[in-house]
Amino acid sequence: MINYSNFIELATNRQSDRAYTDKSIEKDKIKQILEAGRLAPSASNSQPWTFIVVDDKELKDKVAKATFSKLVSFNKFTVLAPVLIVMVIEKPRVITQIGGAIKNKEYPLIDIGIAAEHICLQAAELGIGSCMLGWFDAKKIKSLLDIPKNKTIGLVISLGYPKSDKKRTKIRKAFDEVVKFNSYIS
Ligand SMILES: Cc1cc2nc3c(=O)[nH]c(=O)nc-3n(C[C@H](O)[C@H](O)[C@H](O)COP(=O)(O)O)c2cc1C
């Protein structure tokens with residue numbers, strides 16, 4: 001576990017790690033990471049998710065390959081990850097479905113993103129690297145993991161001990177470009 005002195009330090013040090021050592025992740029740490037996901041807030045507390053932990057090496061390699069891009073060398077690093085988490089979006093509570101239809105909002109997509117970041121931040125605190133993956137062959141993963149065809153996979157997250165301790169400088173838009181006080185045009 002890394003003792004970050006405050007939240008902003010943890011948030012700054014969480015990064016998408018795309019190279020991992022051979023070391024497997026201890027079961028209690030995997031459970032703690034998923035517990036952080038379970039604790040995430042969601043619209044109307046619907047908790048519209050199922051997290052599938054894929055840690056069986058043979059199966060994990062197949063799921064990893066389903067995240068590759070055929071066009072570019074994208075997501076090839078996922079085979080190095082000892083664990084993949086597949087986040088399935090479940091139907092939210094009826095009240096959230098009605099609210100989402102009225103307000104034209106995909107609340108479960110927002111919810112799954114929050115849970116994903118809980119997972120990645122908890123991993124970072126434990127010294128475990130992670131990367132969210134939005135590019136994958138959903139049909140393939142559904143068939144590999146017995147996920148019903150009518151379900152949506154929101155994200156896949158790779159987990160593993162990072163090959164390097166080096167932290168990249170964060171590339172982010174300037175504070176004033178993304179934060180406004182009291183008016184959009186301020
Ligand atoms: C919804 C979402 C989808 C992403 N999909 C991928 C992906 O398929 N492959 C990948 O290598 N990184 C993916 N990323 C990671 C982003 O590229 C990364 O978060 C961003 O460049 C910022 O870098 P940082 O996470 O190191 O701070 C994804 C991130 C998010 C939030």
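The values are calculated or read from the model by the stated rules, or taken from the named source; none is laboratory data. No experiment lies behind these values; they were computed from the predicted model shown. Virtual Cβ from ideal backbone geometry, glycine too; neighbours counted across all protein chains shown. Ligands, DNA and RNA are stripped out before the accessible areas are found, and what is left, the full protein with its side chains, is counted by its heavy atoms. Shrake-Rupley method; radii C 1.70, N 1.55, O 1.52, S 1.80 Å.
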Task: Relative contact order [Cα under 8 Å, 6+ residues apart], segment 97-186, whole percent - done: 25 percent
Task: segment 45-134: trypsin sites (Lys or Arg not before Pro) in DSSP loop, at most 12 other beta carbons within 10 Å - done: Lys70
- [ ] For the chain, with all protein chains present and a 1.4 Å probe, just round the carbon and sulfur fraction of the accessible area to a whole percent.
- [x] 56 percent
TODO: Could you list the trypsin sites (Lys or Arg not before Pro) in segment 123-186 that lie in coil according to DSSP, counting only those with at most 13 other Cβ atoms within 10 Å of their Cβ?
DONE: Lys149, Lys166, Lys167, Arg168, Lys170, Arg172, Lys173, Lys180
Open item on the list: One quarter of the convex hull surface, Cα atoms only: what value does that give for segment 120-186 in nm²?
Closed with: 8.2 nm²
Open item on the list: Can you compute the charge dipole magnitude of segment 72-186 about its Cα centre, using +1 on each Lys and Arg Cβ and -1 on each Asp and Glu Cβ, nothing else charged? Give it in debye, rounded to the nearest 20.
Closed with: 260 debye
Open item on the list: Output needed: percent of Cα pairs per 5 Å distance bin for the chain, bins running from 0 to the one holding the longest distance.
Closed with: 1, 8, 15, 17, 18, 17, 12, 8, 3, 1, 0
TODO: Report relative contact order for segment 20-163 in percent, whole number only (criteria: Cα-Cα under 8 Å, sequence separation at least 6).
DONE: 36 percent
Task: Val94-Met1 pseudo-label distance in nm [points 7 Å out on the Cα-to-Cβ vector] - done: 4.3 nm
- [ ] Would you compute, from DSSP H runs of 4+ residues alone, the mean residue ellipticity of the chain at 222 nm, taking -39500 (n - 2.57) per run and dividing by the full residue count, rounded to the nearest 500?
- [x] -11000 deg cm²/dmol
Open item on the list: Counting pairwise Cα distances across segment 4-62, what percent come out greater than 17 angstrom?
Closed with: 63 percent
Task: Rounded accessible area per residue of segment 20-163, 1.4 Å, Å² - done: 53 Å²
Task: Whole-Hz couplings from phi, Karplus 6.51/-1.76/1.60, listed for segment 149-160; x for Gly and Pro - done: 4, 7, 8, 10, 8, x, 8, 10, 10, 8, 9, x
Task: Long-range amide H partners of Thr21 with built H, under 5 Å - done: Tyr161, Lys163
Open item on the list: Taking a ≥ b ≥ c as the square roots of the Cα gyration tensor eigenvalues, with a/c under 1.5 meaning rounded and otherwise prolate when a/b beats b/c, else oblate, which class fits segment 84-145?
Closed with: oblate
